[in-house]
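Step one of this worksheet: look at the structure below.
The values are calculated or read from the model by the stated rules, or taken from the named source; none is laboratory data. The structure presented is a predicted model; accordingly, all values stated were derived computationally and were not measured. Heads up, the Cβs are rebuilt from the backbone with ideal geometry, glycines too, and the neighbour counts pull from every protein chain shown. Side chains are part of the model used for accessible areas, which takes the heavy atoms of the whole protein and leaves out ligands, DNA and RNA. Shrake-Rupley method; radii C 1.70, N 1.55, O 1.52, S 1.80 Å.
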Amino acid sequence: VVNLSLGSPGPCDGTDALSTICNAAVDTGVIVCAAAGNEGPAAKTVRSPGCATRVITIGASDDDDRVANFSSRGPTSDERVKPDVLFPGVNIIAARASGTSMGRPVNDSYTSASGTSMAAPHAAGACALVLVANSSLAPEQVKTIFQRAALNLGLDPNTQGSGRVDV
């Protein structure tokens, strides 16, 4: 499982170099969880590698199962639905390196931050849990499990994908 909490500027159709490499990794059996981006709420704001066809593109939700305003929305520039699913990405407490200041430092060891880059690691961890239960699953099967296990928030698929995954 690979987590990619990163992105490149500009709309994309999944044919850029980073998306192509991610799709190739998925073709070898690697599950790639990619952050959708933080340029919402406008449409067509999902960035590479989130626009790759084979990755699991992760949008961000809050504790009240609302889509984060910043979470990038689809469709991709070639009109595919993205993100695929949502995971928590608002006010996430995470470890930080000493002396850094990303987000809002909680103390010397932790910070609080929001973004699809905070949601994507939740997805990667959930992938690991699914693979512990069945290590023979292919990346597309894990994506399908997530989509079927998602709480539909009643929003447009290009806002929520299938919804917030209920692990």
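Shape class of the stretch 45-109 from the alpha-carbon gyration tensor: prolate, with a/c at 1.5 or above and a/b greater than b/c. How would you classify the stretch 1-80 from its alpha-carbon gyration tensor, with a ≥ b ≥ c the square roots of the eigenvalues: rounded for a/c under 1.5, else prolate if a/b is greater than b/c, otherwise oblate? Because a/c hits 1.5 or more and a/b fails to exceed b/c, the stretch 1-80 counts as oblate. Only one residue of PRO88, THR100, MET118 has its Cα farthest out toward the positive end of the dipole of the stretch 56-123, where Lys and Arg carry +1 and Asp and Glu -1 on Cβ, and that residue is THR100.
The share of C-alpha pairs in the chain whose separation exceeds 18 Å stands at 55 percent.
In the context of the full set of protein chains, residues of the chain present 46 Å² of accessible surface per residue (probe radius 1.4 Å, heavy atoms only). Magnitude of the charge dipole for the stretch 1-146, about its Cα centre and with charges confined to Cβ atoms of Lys, Arg (+1) and Asp, Glu (-1), is about 120 debye. How charged is the neighbourhood of PRO88? Take every other residue with its Cβ under 12 Å from the Cβ of PRO88, and add Lys/Arg as +1 and Asp/Glu as -1. In short, -3.
No disulfide-compatible partner, judged by a Cβ distance under 4.7 Å, exists for the following cysteines of the chain: CYS22, CYS33, CYS127.
Most tightly packed first, judged by the mean number of other beta-carbon atoms within 10 Å of their residues, the peptides 5-17, 102-114 read 5-17, 102-114.
For the stretch 33-134, with all protein chains in place and a probe radius of 1.4 Å, 53% of the accessible heavy-atom surface sits on carbon or sulfur. Averaging the sequence gap over all C-alpha pairs within less than 8 Å and six or more residues apart, then dividing by the number of residues, gives the chain a relative contact order of 23 percent. Using the Cβ of PHE146 as centre and a radius below 15 Å, the other residues enclosed give a net charge of +2, where K and R count +1 and D and E count -1.
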